[in-house]
Amino acid sequence: MGIIEAKNLVFEYIRRDEEGNVEGITRAVDEVNLDIRQGDFVAILGHNGSGKSTLAKHINAIHYPTEGTVWVDGKDTSDDANLWEIRQEAGMVFQNPDNQIIGQVVEEDVGFGPENLGVPTAEIWERVEESLKAVGMYEFRKHSPNKLSGGQKQRVSIAGVIAMHPKCIVLDEPTAMLDPNGRKEVIRAVRALNDVERITIILITHYMEEIIHADRVFVMDKGKIAMEGTPREIFSQVEKLKDLRLDVPQVTLLAHELGKSGLDIPKGILTCEELAAALGLPKKK
Ligand code: ADP
Ligand code: MG
């Protein structure tokens, strides 16, 4: 069994008026099946309202299925007895780092999670040190989080999650509020956690360049998984991505247009280097 599995997952939001009468039902996740293995780096794409956040909140047992089942490390998320184990094994990072940081000092903030889990004090400090090092924020351990940049704050929130020793981290648009530099810092840290620590990563984003390194990509549309494949397989289908209202990376688009105009260029070009090589351009000396 994978670290995260979903079988025929359906989730419906029920809208009620002021008197509590049901006004309508939104099916936000519609018959989704997932099988994510330990150590995978999975990216989830999809335009606004396609159901990404609702799906993500099932992995952390914030939402329970309306129909179907979700298992985290073999544990059914709808069983309350599993709640704390699931919350510890599947950490979650959200869009706005300001809502996730509560400590006055970086190292304190990172220590809150393990402290709540009842980890002995000496081990808390070890975990804080190792987690801050893993995201490249150790030198800021005595700083006030308020003074950090958005990318640095987000890396501190990620360290707070790692300090709980999760098997899996779900990041719901962690870079949406960051500048390009902050985005790069965060993605680099996330990749290192996957490469070095073998933590399973589920990255929700709408920045296409952030998914190039994923092992697998899911594209959501109207609550369903509309596409699934490696980044290259996904980016080979430019027209379909456009239909799903997703922005294709410029270099992929350019390669696609050059291909359509008759040049012999492979499908699914992901980087400038690949395009240059396909065009036979020499590297800069
Ligand atoms: P995404 O993260 O891809 O933008 P969401 O999971 O937030 O998508 O939303 C999926 C659908 O569920 C949308 O139609 C959205 O309007 C609806 N939705 C999200 N949150 C709520 C809520 N708290 N109450 C009612 N409907 C919601
Ligand atoms: Mg969302």
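The values are calculated or read from the model by the stated rules, or taken from the named source; none is laboratory data. As the structure is a prediction and not an experimental result, all values here were calculated from the model. A quick note on method: Cβ atoms are made from the backbone with ideal geometry, for glycine too, and the neighbour counts reach across all protein chains shown. Areas reflect the complete protein model, heavy atoms only, side chains present, ligands, DNA and RNA absent. Shrake-Rupley method; radii C 1.70, N 1.55, O 1.52, S 1.80 Å.
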Looking only at residues that are within 10 Å of ligand 1 (Cβ to nearest atom), out of contact with any His (no Cβ under 7 Å at 6 or more places or on another chain) and at pLDDT 95 or above in segment 6-18, which one is least open to solvent (accessible area, probe 1.4 Å)?
Glu12
Tally up the residues in segment 7-61 that are within 16 Å of ligand 2 (Cβ to nearest atom), touching a Lys or Arg at 6+ places or on another chain (Cβ under 9 Å) and farther than 23 Å from Lys240 by Cβ, please.
4
Do you know which residues across segment 52-67 are crowded, with 18+ Cβ neighbours inside 10 Å, more than 11 Å from ligand 1 (Cβ to nearest atom) and not aliphatic (A, V, I, L, M)?
Asn60, Pro65
Selected residue [away from ligand 1 (no atom under 16 Å from the Cβ) and either without any contact (Cβ under 8 Å) to a residue 12 or more places away in the chain or at positive phi (or both)] from Gly160, Gly118, Gly111, Gly103
Gly118
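Conditions (1) under 15 Å from the mean Cα position of the chain (by Cα); (2) modelled with pLDDT of 95 or more, marked per residue:
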| site | (1), (2) |
| --- | --- |
| Gly24 | no, no |
| Ala28 | no, yes |
| Gly39 | yes, yes |
| His47 | yes, no |
| Lys52 | yes, yes |
| Pro65 | no, yes |
Output the residues belonging to segment 121-135 that are without any contact (Cβ under 8 Å) to a residue 12 or more places away in the chain and either within 16 Å of ligand 1 (Cβ to nearest atom) or under 20 Å from Gly150 (Cβ atoms) (or both).
none
When residues of segment 19-50 are limited to those that are open to solvent by less than 10 Å² (accessible area, probe 1.4 Å) and touching a Gly at 6+ places or on another chain (Cβ under 8 Å), the one nearest to ligand 1 (Cβ to nearest atom)
Ser50
Which condition from (1) open to solvent by 70 Å² or more (accessible area, probe 1.4 Å); (2) closer than 24 Å to Val10 by Cα; (3) at pLDDT 95 or above is the one that Trp84 breaks?
(3)
Which of the residues belonging to segment 162-184 are under 13 Å from the mean Cα position of the chain (by Cα) and open to solvent by less than 30 Å² (accessible area, probe 1.4 Å)?
Cys168, Ile169, Val170, Leu171, Asp172, Glu173, Pro174, Thr175
Against the definition (more than 17 Å from the chain's Cα centre (by Cα) and either within 16 Å of ligand 2 (Cβ to nearest atom) or hydrophobic (A, V, I, L, M, F, W, C) (or both)), how does Val106 come out, yes or no?
yes
